[in-house]
Amino acid sequence: MMQRALAAVCAWLPFWLRPRYILDLRARSSQWKKIRAQHLIKESACVACGRSRELEVHHIVPVSVDPSRELDENNLITLCADPCHRVFGHFLSYHCYNKNVREMAEYYRWRMQRRICLPAKPVNKDSTHHAN
Ligand SMILES: [Zn+2]
Ligand SMILES: [Zn+2]
């Protein structure tokens, strides 16, 4: 395929010269699919919020920074797409990353499980206006 040929050519470039999307193509190799699936079995909910929908397997150190850790289980963490991947994995910018993501996500989860909730109030039609 064209994409494979392009990826093969780019493999000759130093990693910091490779276009990001080529690294993404590499990351979607059959080996990555397998590693990703195995990781999702082991860690099947967002580490930060505990939800299990729209999960993404995030590279703690991005593949563009260290391609050798692309398939390293210790470099992976399960996060939901939004907000946890965006916030904890990338501090709101996919040009950035958070090397302490696991520590922060686990702390957030621990805190969230101890959150203080207000007692449920009966809903009335003015409830959106915070009458008191
Ligand atoms: Zn989450
Ligand atoms: Zn990510």
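Do you know which residues across region 41-95 are within 12 Å of ligand 1 (Cβ to nearest atom) and of a type in the set (S, T, N, Q)?
Hits for region 41-95 are 52, 78.
Identify all residues within region 71-86 that are out of contact with any helix residue (DSSP H, G or I) (no Cβ under 9 Å at 6 or more places or on another chain), of a type in the set (A, V, I, L, M, F, W, C) and in a helix (DSSP H, G or I); write none if there are none.
The answer is 81, and nothing else.
I'd like the full set of residues that are surrounded by 16 or more Cβ atoms within 10 Å (Cβ to Cβ) and not in a helix (DSSP H, G or I), limited to region 87-107.
If the condition is that a residue be surrounded by 16 or more Cβ atoms within 10 Å (Cβ to Cβ) and not in a helix (DSSP H, G or I), then 90, 97, 98 are the ones that fit.
What are the pairs with Cβ atoms under 6 angstrom where one residue, in region 85-112, is under 16 Å from residue 51 (Cβ atoms) and of a type in the set (Gly, Ala, Ser) and the other, located anywhere, is more than 10 Å from ligand 2 (Cβ to nearest atom) and in a loop (DSSP other than H, G, I, E, B)? Sequence gap at least six, or different chains.
The qualifying pairs are 105/47; 105/48.
Being of a type in the set (A, V, I, L, M, F, W, C), part of a loop (DSSP other than H, G, I, E, B) and surrounded by fewer than 18 Cβ atoms within 10 Å (Cβ to Cβ) is the filter here; which residues of region 36-70 pass it?
Matches in region 36-70: 45, 49, 61, 65.
Just so you know, all these numbers are worked out from the coordinates, no wet-lab data involved. Remember, it's a predicted structure, so these values are computed and weren't measured experimentally. Ideal geometry is used to build each Cβ from the backbone, glycine not excepted, and the neighbour counts take in all protein chains shown.
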